[in-house]
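Enquirer: Submitted below is the structure of interest, expressed as structure tokens.
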Amino acid sequence: LAFRDIPWPQSCQPSRPQHVSAEAIAAFLCTDPDTTQRRKRALLVWHPDRFRRVMCRVVEKDREKVDEAVGTVARALTAKECRI
């Protein structure tokens, strides 16, 4: 897997970690009436400890970028703005 192969939780797929933003993630995941459940399910996928099982399949040159972006996603999902 390369960075570009990962389906990041935002409407426009980013080309680099700096393009993964809390605002885009919130707009993509946190507008649903069932936001709390959707956020919890997303955290099961995007939490850095859980995402490690995928990291072994990421190409070496992209691992640092993926790790940075996964951290951004996890922080966005736990942010106050993404809760109801």
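Enquirer: How many percent of the accessible area of the chain is carbon or sulfur, using a 1.4 Å probe?
Expert: Values: 2820 of 5410 Å².
Whole-percent figure for carbon plus sulfur exposure: 52.
Enquirer: At 1.4 Å probe radius, can you tell me the per residue accessible area of the chain in Å²? Intermediate values should be presented prior to the final figure.
Expert: Numbers: 5410 Å² over 84 residues.
It amounts to 64 Å² per residue over the chain.
Enquirer: Given the -39500 (n - 2.57) contribution per DSSP H run of 4+ residues, what per-residue ellipticity at 222 nm results for the chain, rounded to the nearest 500 deg cm²/dmol?
Expert: Counting only the DSSP helices, I get -16000 deg cm²/dmol.
Enquirer: Work out how much length residue 13 to residue 41 would gain on full extension: take 0.36 nm times their residue separation and subtract the Cα-Cα distance, in nm to one decimal.
Expert: 8.1 nm
Enquirer: With no solvent and one point on each alpha carbon, what is the Debye value of log10 I(q)/I(0) for the stretch 10-71 at q = 0.17, 0.22, 0.30 Å⁻¹?
Expert: -0.64, -0.98, -1.28
Enquirer: Quote to one decimal, in nm, the extra length available between residue 54 and residue 1 on full extension: 0.36 nm per residue of separation minus the C-alpha distance between them. Walk me through the numbers on the way to the answer.
Expert: Values: separation 53, 0.36 × 53 = 19.08 nm, distance 0.89 nm.
Computed gain between residue 54 and residue 1 is 18.2 nm.
Enquirer: Let's see if you can work this out: charge +1 on each Lys and Arg Cβ, -1 on each Asp and Glu Cβ, no other charges. What is the dipole magnitude of the chain about its Cα centre, in debye to the nearest 20? Don't skip to the answer; put the middle values down first.
Expert: Numbers: 16 positive and 11 negative charges, 49 e Å.
Value, rounded to 20: 240 debye.
Enquirer: So what are the ³J(HN,Hα) numbers for the stretch 45-61, from phi and the Karplus equation (6.51, -1.76, 1.60; θ = phi - 60°), rounded to whole Hz, Gly and Pro as x?
Expert: For the stretch 45-61, the Karplus-derived couplings read 8, 9, 4, x, 5, 6, 6, 4, 5, 8, 4, 5, 9, 7, 4, 3, 5 Hz, x marking Gly and Pro.
The values are calculated or read from the model by the stated rules, or taken from the named source; none is laboratory data. On a predicted model such as this, the values are computed, not experimentally measured, just so you know. Cβ sites come from the backbone with ideal geometry, for glycine too, and all protein chains shown count toward neighbours. These area figures cover heavy atoms from the full protein model, side chains too; ligands, DNA and RNA do not enter into them. Shrake-Rupley method; radii C 1.70, N 1.55, O 1.52, S 1.80 Å.
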